[in-house]
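First up is the structure itself, then whatever we jot down about it.
The values are calculated or read from the model by the stated rules, or taken from the named source; none is laboratory data. It should be emphasised that the depicted structure is a prediction, and the values quoted were computed from it without experimental measurement. Cβ sites come from the backbone with ideal geometry, for glycine too, and all protein chains shown count toward neighbours.
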Amino acid sequence: MFKALAFHWFAKFSALKATMTDSCIFCKVINNEAKATVVYRDEEVTAFRDLHPVGPVHILIVPNKHIQSVNEMEEGDKSLVGHMVFTAKKIAAQEHIAEGGYRLIMNTGPNGGQTVFHMHLHLIGGDRMKHPMG
Ligand code: AMP
Ligand code: ZN
């Protein structure tokens, strides 16, 4: 029983490693190889505080699987993105910013302002955001 469970987790970890880009900072955070303030973690996503927050609350919701950006998403990743948004909603409540509102952003590619090429969702709130965006 223990052997089967250990094998299951080893296989899962190996699969995660196989899809990881060695130089990817978010993969390192997910694998506990780089420091971050993690606020939520499950089988599909890890959420941690942004290193350079642009608001009182700024959290990144990141898939555990390395996907470069929305452009590299596949048909099978659609529910994962739904899970990222649902996780953001739960964290917003946990951080007491749900009622006041918040902004969810997924920057994609250089023109979208993406600087870390591991797909992620920004959850920003706690203050009134500027509009229009630019
Ligand atoms: P983007 O520009 O949309 O790709 O967002 C990348 C975000 O990751 C930026 O807001 C950075 O401040 C943040 N960031 C980069 N490295 C780290 C890190 N090691 N831990 C937490 N946040 C990070
Ligand atoms: Zn990665």
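Name the helices (runs of 4 or more DSSP H) wholly inside segment 22-134 in which the number of residues that are more than 12 Å from the chain's Cα centre (by Cα) and of a type in the set (Gly, Ala, Ser) is 3 or more. So that I can check it myself, show each step before the final result.
On the way: elements: 25-30, 78-94, 109-112.
In segment 22-134, the matching helices (runs of 4 or more DSSP H) lie at 78-94.
Looking for something hydroxyl-bearing (Ser, Thr, Tyr), over 18 Å from Ile25 (Cβ atoms) and out of contact with any Ser or Thr (no Cβ under 9 Å at 6 or more places or on another chain) - is there at least one such residue anywhere in segment 39-61? Can you show your working first?
We begin by selecting, within segment 39-61, every residue hydroxyl-bearing (Ser, Thr, Tyr); these are 40, 46.
With over 18 Å from Ile25 (Cβ atoms) added as a condition, the list becomes 40.
Retained after the next criterion (residues that are out of contact with any Ser or Thr (no Cβ under 9 Å at 6 or more places or on another chain)): none.
No, segment 39-61 contains no residue that is hydroxyl-bearing (Ser, Thr, Tyr), over 18 Å from Ile25 (Cβ atoms) and out of contact with any Ser or Thr (no Cβ under 9 Å at 6 or more places or on another chain).
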### Query
What about Lys3, is it modelled with pLDDT of 50 or more and within 16 Å of ligand 1 (Cβ to nearest atom)?
no
### Summary
(1) surrounded by fewer than 17 Cβ atoms within 10 Å (Cβ to Cβ); (2) under 25 Å from Gly134 (Cα atoms) all hold for Glu75 apart from (2)
## Note on the structure
Of the conditions (1) without any contact (Cβ under 8 Å) to a residue 40 or more places away in the chain; (2) within 13 Å of ligand 2 (Cβ to nearest atom); (3) touching a strand residue (DSSP E or B) at 6+ places or on another chain (Cβ under 9 Å), the single one that Arg49 does not satisfy is (2)
### Identity of the residue in segment 6-28, in contact with a His (Cβ under 9 Å, 6 or more places away or on another chain) and either exposed (fewer than 11 other Cβ atoms within 10 Å of the Cβ) or modelled with pLDDT of 95 or more (or both), that ends up nearest to Gly125 (Cα to Cα)
Phe26
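Within 13 Å of Met119 (Cα to Cα), of a type in the set (Phe, Trp, Tyr) and in contact with a Ser or Thr (Cβ under 9 Å, 6 or more places away or on another chain): does that describe Phe26?
On the way: within 13 Å of Met119 (Cα to Cα): yes; of a type in the set (Phe, Trp, Tyr): yes; in contact with a Ser or Thr (Cβ under 9 Å, 6 or more places away or on another chain): yes.
Yes; evaluated as a whole, the condition is true for this residue.
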### Query
Got a number for residues in segment 106-125 being surrounded by fewer than 16 Cβ atoms within 10 Å (Cβ to Cβ) and of a type outside the set (S, T, N, Q)?
5
### Query
In this structure, is Pro63 at pLDDT 95 or above, within 21 Å of Gly109 (Cα to Cα) and in contact with a helix residue (DSSP H, G or I) (Cβ under 9 Å, 6 or more places away or on another chain)?
yes
